[in-house]
Structures are given as C-alpha cells and as structure tokens.
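Below is one structure, written out as structure tokens, with a few remarks after it.
Every read-out reported here was derived from the displayed coordinates using simple, explicitly stated rules and does not represent laboratory data. Quick caveat, the model's predicted, so the values are computed rather than measured. For neighbour counting, all protein chains shown are included, and Cβ atoms are generated from backbone atoms with ideal geometry for every residue, glycine included.
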Amino acid sequence: MRKVLNWFSTALTVFLMVIVIVLAVVVVVAKASGGEPTILGYQLKSVLSGSMEPTFQTGAVIAVKPLEQDEKQSLQKQDIITFQSEEGPVTHRIHNVIHSGVHTMYETKGDNNNTIDKDLVLSDNVTAKYTGFTIPYAGYFTQFAQSREGSALLLIVPGVFLLIYALFLIITGLKSIQNQQ
C-alpha cells in the first residue's frame, strides 16, 4: 500500500509540475508571438465563427502551416487557407483559382456560408494552409488563456495546487517522523 501511495505521490507531483511548465510556456509563447501560439512550426488558431461547419466547429482549435511566398501562388481549389482580410484573419475554403497576369487570386467561401466571399483574396494575403488537425472546443480555453485574467489564473492556480500539495507532503513527512520517535 505504501508503494502505491509513493508512486501516486510522485506521479501527481510530476503531473502538476508539467502542467505549470506547459501552461507557462504556452502563455509566454502566445504573448511573445502576438497571440498566435506556435508548436513545431504550426500555428494554432481558434475558430470564432461557424462559417466552416461541419469541417470544424465554433470553439475548436485548428493547426495551420504558415506558407512561404512561392507556396502562396500554388494553392488549389478545395484547399482551406487562412488569409488576412479587412476584418482580420479568416479561414475559408478555396472555391476557385483566378490567374491574372502575374497575380494569383482566390475566390473563397466558408463551407457553411450560402454565398462566395465578396472579395477575392490576393495570394500575398494568404498566411497559412489548414493541416487537417482540429481539437474541438479547445478554442474556448485558448481564448480565455490569452486574456489577461485567464493567463494570470492559469499560471497561479496550478502553482497554488502544487504548493498546497507540497505542504501536504511536508506535514505527512513530519507526522511520519514523529510517529517513528
């Protein structure tokens, strides 16, 4: 029984420490990169609207791969891209590719939208391509984590739990020493 408790204690300590470290890294990286967490070269984007349902749901996190300049002009119909619009970043599917001289433009549409987007997307405004990786509902968490209150709370709460657990271990150790005397 004692071995099981020791193993559980060690596992819980490691788990809490890993959570604190991972959350700290995610918050710092998100703040340093202007709110776009990046893992292994992929950006994680929160889905804020239902325009691409059922491909991905509102509140999901999707992984997109940032594109080099030459890749931006070789995208094809049905690719899902993230591009910069007047309202901010948008992720929609390419409905049609239009070549006009040296320029390549994309006609885009959200899968759940009835009409094609009103403006063509110049290839220079494309920032990334969807990789097919989605985490449902995680976007709500990342939006909260990127807020001032959320980032503070996510760093403080696991740290407090780790301190409480450390105090519990110290008290348990002291009681064990007292019982042996």
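Annotations for the structure displayed:
- Membrane-span-like helices in the chain, defined purely by DSSP H runs whose alpha carbon atoms cover 27 Å or more axially and whose average Kyte-Doolittle hydropathy reaches 0.5, are 2-32, 148-180.
- Per-residue ³J(HN,Hα) for segment 94-104, Karplus 6.51 cos²θ - 1.76 cosθ + 1.60, θ = phi - 60°, Hz, x for Gly and Pro: 6, 8, 7, 10, 10, 9, 10, x, 8, 9, 10
- Residue-count net charge about D119 - beta-carbon cut-off 11 Å; Lys, Arg +1, Asp, Glu -1: -3
- Residues of type lysines that K109 reaches as a straight line, Cα spacing below 19 Å, ignoring anything fewer than 8 places off in the same chain: K45, K72, K77, K118, K129
- In the chain, helices alone account for a calculated mean residue ellipticity at 222 nm of -14500 deg cm²/dmol, with every DSSP H run of four or more residues adding -39,500 (n - 2.57).
- For L67, nonlocal amide neighbours, meaning residues 5 or more places apart or on other chains whose placed amide H falls under 5 Å from its own, are A128, K129.
- Peptides 125-134, 10-19, 55-64, 38-47 ranked from most to least packed by the mean count of surrounding Cβ atoms within 10 Å: 55-64, 125-134, 38-47, 10-19.
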